[in-house]
1. How high is the relative contact order of the range 50-290, in percent, counting Cα pairs under 8 Å that sit 6 or more residues apart?
2. Output ³J(HN,Hα) for the range 176-186: one whole-Hz value per residue in order, computed from phi by the Karplus curve 6.51 cos²θ - 1.76 cosθ + 1.60 with θ = phi - 60°, and x for Gly and Pro.
3. Pull up all non-local amide H partners of Gln158: gap of 5 or more, or a different chain, and H-to-H distance under 5 Å with H placed in the peptide plane.
4. Please list 3J(HN,Hα) in residue order for the range 303-308, calculated via the Karplus relation 6.51 cos²θ - 1.76 cosθ + 1.60 where θ = phi - 60°; whole Hz, with x for glycine and proline.
5. Based on the mean of other beta carbon atoms within 10 Å per residue, what is the order of 75-82, 355-362, 96-103, most packed first?
6. In degrees between 0 and 90, to the nearest 10, how far off the longest principal axis of the chain does helix 49-59 point, with axes built from Cα atoms?
7. So if R0 is 22 Å, what FRET efficiency would Asp118 and Lys168 give, r being the distance between their Cβ atoms, rounded to the nearest 0.05?
8. Out of the chymotrypsin sites (Phe, Trp or Tyr not before Pro) in the range 1-32, which ones are loop residues according to DSSP with at most 12 other C-beta atoms within 10 Å?
Amino acid sequence: MISHVLPTYNRAPIAFERGEGAWAIATDGSRYLDLGSGIAVNVLGHANPDLVAALTEQAGRIWHVSNLYQIPQQEKLADLLVERTFADTVFFTNSGTEAAELAIKMVRKYWDHAGDPDRIEILTFEGAFHGRSTGAIAAAGSEKMVKGFGPLMPGFRQLPWGDMGALKEAITRATAAVMLEPVQGEGGIRPIADEDLRQIRALCDQTGALLVLDEVQCGMGRTGRLFAHEYAGIAPDIMMVAKGIGGGFPLGAVLATEEAAAGMIAGTHGSTYGGNPLACAVGARVMEIVADDAFLAEVNRKSALFRQKLEGLVASHPEIFEGVRGQGLMLGLKCRAAPADLVKEGYAQHILTVPAADNTLRLLPPLNISDEDIAEAVARLDRAAASLDA
Ligand SMILES: *Cc1c(COP(=O)(O)O)cnc(C)c1O
């Protein structure tokens, strides 16, 4: 008999009822060191007092109003995002998938508005993940996600990841946009080289194609910059954000330049919940804390410490690990076999990690994890690897 919850997930037999910082406490009272952060969501850890205060203060006033009215909390968060990024304007969603949908719609509208409505082809990359809606699975195109869900939305073409030759060949004056994650998350913590991202920007400029960056997983301080593309010194035309932006409250956003958003006039898009007062009150607090140079410098310092310890872990288990990859606190351990076994051994050692494609184990701690918890995490990973080694 089918479970009452639609069985689309292979769930571990653990339930958490409480959290404190980098620790999640299960219903049996046992404490797990959480290096998954709900998949890069809980950027400030569990039950962060600043976020709890922002949420409860707002909850005592008003939860929800329609986008038919002014929403000051939304305007505040939009101001904070515009101030710190390339963007001139922001639309708020409840998830990364919804952000991807709007980004795709915005690209189509841009070319329609420019009098070129047939210019619809968006170039994407193998290993990409943009969400699970019909548009987002068509964009990513992987067999696993699209099988049985056709016919797919037309207008996407996947290129090999990081293959600049293939991109140069594919991009033309008929290309609507190029869409990619600066660091592929689900694809296995695979960063694009800064030089390649600069070249993609240049190819977009030469052809007029829009550059759409999906920073749903790698954004919001995760890589040690507020947004990962800052490392390359370029700016996109459109960017999707979600996961970390709400610190655990469902929230996403599409950021765009005034030009890219030109066709998105009143009535062209909407959302009942998107940008509601609760979500935006929390999101603004997250931005105030994370978009701070001193905070981001700490992320980078912790990243260096963590990486150094992880290199040691790789050296002591060469049969299990191949190396460390990633940026900031978006780290991956490239494994010699499927990382699912390590995730499982991790449960036995009370540490939470997340598998990804390309045999990569993802480590996505809260960005404010302590040095002691980093050391503890590596000790637990070492024990998990040792039990696999045995
Ligand atoms: C998680 C993710 C999404 C989808 O976000 P949801 O909030 O799950 O809809 C899109 N793009 C990237 C890069 C992601 O990591």
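1. 31
2. 7, 6, 10, 10, 7, 8, x, 10, 5, x, 4
3. Thr124
4. Karplus values, whole Hz, x for Gly and Pro: 4, 4, 4, 4, 4, 4.
5. Descending mean neighbour count gives 96-103, 355-362, 75-82.
6. The angle comes out at about 50 degrees.
7. 0.45
8. Tyr9
The values are calculated or read from the model by the stated rules, or taken from the named source; none is laboratory data. Nothing here was measured: the structure is a model prediction, and the numbers come from that model. We place every Cβ from the backbone using ideal geometry, glycine too, and count neighbours over all the protein chains shown. The accessibility values were calculated without ligands, DNA or RNA, using every heavy atom of the protein model including side chains. Shrake-Rupley method; radii C 1.70, N 1.55, O 1.52, S 1.80 Å.
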